[in-house]
Amino acid sequence: MRKTLTGAAAAALLLSACGKKEAPAVPVATPAPPTAAEADAFIAGVNDDYRRLLPYLNAAQWAQATYITDDTQMIASRANEEWLEYLSRKVQESKRFNGVEAAPDTERGMLLLKLSTANPAPSDPAKRAELAKILSKMEANYGSGKWCKTEGQCLSLPEIEKIINDPGASPEARAQAWAGWHATSRPIRADYQRFVELGNEGARELGFANLGEMWRAGYDMSPVEFDAEVERLWTQVKPLYDALHCHVRAKLNAQFGDAVVSKDGLIPAHLLGNMWAQQWSNIYPLVEPYKGVGSLDVTAALKERRDAEYKKRVAEFKGKPTALDLAEIEHQADAAMAVNMTRIAEDFYTSLGFPRLPDSFWDKSMLVKPRDREVVCHASAWDMNMQGDVRIKQCIEPDEDQLTTIHHELGHIFYDLMYNPLPPLFQNAAHDGFHEAIGDTITLSLTPAHLHKIGLVPAQKPDPKAVINAQMKWALDKIVFLPWGKLVDQWRWKVFSGEIKPQDYNAGWWQLREQYQGVSPPLARTEDDFDPGAKYHIPGNTPYTRYFLAFILQFQFQKALCDAAGFEGPLHECDIYGNAEAGKRFMDMLAQGASRPWQETLEKLTGTREMDGSALIEYFAPLMDYLAEQNKGLSCGWAGEKA
């Protein structure tokens, strides 16, 4: 191949060849320092790029999550690689404006750009491609994971959870199901170790010590200050968890005996009615304070509606249905019930003044598990194009937990719709805990009176015993979650920093679960296992402290909204359904998105700039009084508990 030279390079070579005297060096002009106007233009260009590029990335990831194949995995990996390359390039370009005094919105946009991904990619193209491939592989492994009890009998996660969630199943059956699901994460242990190496390298290129430090930098305070803030909040609410743990352990000990559950030690995780022991509402029948008082069997009511839908469709069928026809009718009944449950949740938001969901939501959302393909059933909310194409992905079943989850997911959707008018860099939550708290705030209004109002439970007469029962049920969800919500990222931060070495991944995980939750695995674990990877957010690389913060904030938000609604009475009785003033206050806060520091956004609704657990403590005051009486004479706490 012949290479030619042009311009100044060719002239210099010609002069040299002719033996002429070298011309004096021409001084190179120093580039003018970047200006505020150039910084503004840079951020404006990034916002334009987001609108152009993100719909493609989201479409590729949606396809992979709702249609798991090697092909969709490859497409999603390639789209993610391209997006990571773009972000890395723009973050590097943004460093040119360090020290430029630009408009406040521009400076905030620069910060949010730097922190815009949980997966910072190294600048090396080969490593960036490797990171994208690992991320897609880990998520696909989770979505397609199965436990094969016997040859030809393989169960997906929702099917395995039915065993774990059933308090009537034997401890042995639940332990077997627990082990079966946790075995599905073993294949990604080496992938996760490599992900940590690549993620840390990407974070270091952005100026952070490791990926954990980068995650903690996204809260309008230093990582060290954020650590202290999380510890302060945990210290505030820990006594509530300790009291509940003590009571539940005593009930389980009475049920199963010392050989299964000790009176003063750790609770076996598989006996708590949840695959990860993160919420214990499924064992409510075992710990119900006053049997049958104020019965709130929402699941039974939902299943009755679903069964009625199925019977109606069978009756309408022309001719005698075959087994295949009946299976399709079952699926149609499930889909109709999923829409019905989603409409119930939508109605709550619109009663406050939020807009109705767009038609495209109903056309494009995945509300039930398809019969013909593998999907990621983990519920999630999607803003596809930052201009109104919003969807949820959820394998809805007719039970109370799923109804609550739909209210939660629609909280994300309505937050998206409220801040869609903002520039894309500001289209996010004030901090990630806000995003998770919105829908959960709404669920706090699903009081017994509200559930009766929408026809899911009988009318409830005022009864202090019914209050304790209702609070126990909520506490098994809301209070129980708190240590789990904190420990998941405690493990990751220690992994990212190197405090937990790869050879100790599993041991480090269980040390934290013992320390914070007071639970133990149902069978011996080794470093051949990778139990953290059995929770979606680890292979999906979704930061988790947001959920801990959300479980604090939702009560703080609810108290502020109840005050705005003029509610007078115990906080646990407040239902803001249909209150326009509360809705306006809520929407005004959401419309700010990430445009302002979270402290300002919080103050807009609550009047304070500090997250605070006191509203949660106030909400559960009746139950805490009850538990104090019940726990008298018991040996509470456990060895290894964090003080």
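I'm checking my understanding of the structure. Among residues of the range 352-369 that are open to solvent by 30 Å² or more (accessible area, probe 1.4 Å) and not acidic (D, E), which one is nearest to E581 (Cα to Cα)?
At the first step, the residues of the range 352-369 found to be open to solvent by 30 Å² or more (accessible area, probe 1.4 Å) are 353, 355-356, 358-360, 362-364, 369.
Next, from what is left, pick out any that are not acidic (D, E): 353, 355-356, 358, 360, 362, 364, 369.
Working: G353: 9, P355: 15, R356: 18, P358: 24, S360: 29, W362: 28, K364: 32, K369: 38 Å.
Only one residue tops the list, namely G353.
Quick one: in the range 510-548, which of the residues that are among the acidic types (D, E) and within 22 Å of G145 (Cα to Cα) is most open to solvent (accessible area, probe 1.4 Å)?
In the first step, residues of the range 510-548 are kept if they are among the acidic types (D, E); the result is 514, 527-529, 531.
Applying the additional criterion that residues be within 22 Å of G145 (Cα to Cα) yields 527-529, 531.
Values: E527: 58, D528: 117, D529: 3, D531: 3 Å².
My answer is D528.
Looking at the range 74-87, which of the residues that are in contact with a Lys or Arg (Cβ under 7 Å, 6 or more places away or on another chain) and buried (at least 19 other Cβ atoms within 10 Å of the Cβ) is nearest to A129 (Cα to Cα)?
Within the range 74-87, the subset in contact with a Lys or Arg (Cβ under 7 Å, 6 or more places away or on another chain) is 77, 81, 84-85.
Going one step further and asking which of them are buried (at least 19 other Cβ atoms within 10 Å of the Cβ), we end up with 77, 81, 84.
On the way: S77: 8, E81: 6, L84: 9 Å.
Ranking the candidates gives E81 first.
Got at least one residue in the range 359-371 being among the basic types (K, R), part of a loop (DSSP other than H, G, I, E, B) and under 24 Å from H537 (Cβ atoms)?
yes
Looking at (1) among the charged types (D, E, K, R); (2) over 29 Å from F426 (Cβ atoms); (3) part of a helix (DSSP H, G or I); (4) in contact with a Gly (Cβ under 7 Å, 6 or more places away or on another chain), can you tell me which one E374 breaks?
(3)
Taking only pairs six or more apart or across chains, which ones have beta-carbon atoms under 7 Å, a first residue in the range 299-328 that is closer than 16 Å to L403 by Cα, and a second residue that is of a type in the set (S, T, N, Q) and modelled with pLDDT of 95 or more?
Going by the 7 Å Cβ cut-off, the qualifying pairs are R305/N340.
Would you confirm whether any residue within the range 221-244 is within 24 Å of the chain's Cα centre (by Cα), outside any helix (DSSP H, G or I), at pLDDT below 95 and surrounded by fewer than 20 Cβ atoms within 10 Å (Cβ to Cβ)?
yes
For the range 370-386, give me each residue that is over 20 Å from the mean Cα position of the chain (by Cα) and open to solvent by less than 30 Å² (accessible area, probe 1.4 Å).
P370, the sole residue that qualifies.
Got a number for residues in the range 191-214 being assigned to a helix (DSSP H, G or I) and open to solvent by 30 Å² or more (accessible area, probe 1.4 Å)?
7
Out of L553, L571, which single residue is of a type in the set (A, V, I, L, M), modelled with pLDDT of 95 or more and crowded, with 22+ Cβ neighbours inside 10 Å? Lay out the reasoning, then the answer.
Working: L571 fails: crowded, with 22+ Cβ neighbours inside 10 Å.
Criteria check complete, one pass: L553.
Return the residue satisfying two criteria in turn: it lies in the range 425-480 and is more than 21 Å from P285 (Cβ to Cβ), surrounded by fewer than 22 Cβ atoms within 10 Å (Cβ to Cβ) and among the charged types (D, E, K, R), and of such residues it is modelled with the highest pLDDT.
K453
Name the helices (runs of 4 or more DSSP H) wholly inside the range 590-643 in which the number of residues that are within 17 Å of D563 (Cβ to Cβ) and open to solvent by 70 Å² or more (accessible area, probe 1.4 Å) is 1 or more. Reasoning before the result, please.
Details: elements: 598-606, 614-619, 621-630.
Passing ranges, in order: 598-606, 614-619.
For every residue, the table says whether it meets (1) under 16 Å from P55 (Cβ atoms); (2) open to solvent by 30 Å² or more (accessible area, probe 1.4 Å); (3) under 19 Å from the mean Cα position of the chain (by Cα).
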| site | (1), (2), (3) |
| --- | --- |
| I392 | no, no, yes |
| D399 | no, yes, no |
| Q402 | no, yes, yes |
| P421 | no, yes, no |
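Going by what's in this entry, would Y284 be described as among the aromatic types (F, W, Y), at pLDDT below 95 and open to solvent by less than 60 Å² (accessible area, probe 1.4 Å)?
Yes; evaluated as a whole, the condition is true for this residue.
Which helices (runs of 4 or more DSSP H) sit wholly inside the range 58-152 and have at least 2 residues that are among the small types (G, A, S)?
Values: elements: 70-94, 104-114, 125-144.
Here the list reads 70-94, 125-144.
Out of K146, K137, I need the residue that is in contact with a strand residue (DSSP E or B) (Cβ under 7 Å, 6 or more places away or on another chain) and either of a type outside the set (V, I, T) or crowded, with 18+ Cβ neighbours inside 10 Å (or both). Which one?
Residue meeting the stated conditions: K146.
If the Cβ limit is 6 Å and pairs must be 6+ apart or interchain, which residue in the range 158-181 that is of a type in the set (S, T, N, Q) pairs with which residue that is buried (at least 16 other Cβ atoms within 10 Å of the Cβ) and in a helix (DSSP H, G or I)?
Qualifying pairs under 6 Å: N165/N282.
Which one of the conditions (1) surrounded by fewer than 21 Cβ atoms within 10 Å (Cβ to Cβ); (2) in contact with a strand residue (DSSP E or B) (Cβ under 6 Å, 6 or more places away or on another chain) does A507 fail to meet, given that it meets all the rest?
Exception for A507: condition (2).
One residue is enough: does the range 171-180 have a residue meeting the conditions charged (D, E, K, R) and crowded, with 22+ Cβ neighbours inside 10 Å?
The answer is yes, given that some residue of the range 171-180 is charged (D, E, K, R) and crowded, with 22+ Cβ neighbours inside 10 Å.
Could you pull out the residue among P104, P55 that is under 20 Å from G593 (Cβ atoms), open to solvent by 80 Å² or more (accessible area, probe 1.4 Å) and at pLDDT 90 or above?
Among P104, P55, only P104 is under 20 Å from G593 (Cβ atoms), open to solvent by 80 Å² or more (accessible area, probe 1.4 Å) and at pLDDT 90 or above.
Out of the residues in the range 153-167 that are in a helix (DSSP H, G or I) and either out of contact with any Phe, Trp or Tyr (no Cβ under 9 Å at 6 or more places or on another chain) or charged (D, E, K, R) (or both), state the one that is most open to solvent (accessible area, probe 1.4 Å). Steps first, answer last, please.
Initial filter on the range 153-167 (in a helix (DSSP H, G or I)): 157-164.
From the residues that got through so far, the ones that are either out of contact with any Phe, Trp or Tyr (no Cβ under 9 Å at 6 or more places or on another chain) or charged (D, E, K, R) (or both) too are 158-159, 161-162.
On the way: P158: 35, E159: 84, E161: 43, K162: 118 Å².
Filtering the range 153-167 for residues that are in a helix (DSSP H, G or I) and either out of contact with any Phe, Trp or Tyr (no Cβ under 9 Å at 6 or more places or on another chain) or charged (D, E, K, R) (or both), the one most open to solvent (accessible area, probe 1.4 Å) comes out as K162.
Out of the residues in the range 556-568 that are open to solvent by 40 Å² or more (accessible area, probe 1.4 Å) and assigned to a loop (DSSP other than H, G, I, E, B), which is farthest from F348 (Cα to Cα)?
Here the answer is E568.
The values are calculated or read from the model by the stated rules, or taken from the named source; none is laboratory data. Small disclaimer: the values here were computed from a predicted structure and weren't measured. When we count neighbours, we look across all protein chains shown, and the Cβ atoms used for this are built from the backbone with ideal geometry, even at glycine. In case anyone asks, the SASA skips ligands and DNA or RNA and just uses the protein heavy atoms, side chains included. Shrake-Rupley method; radii C 1.70, N 1.55, O 1.52, S 1.80 Å.
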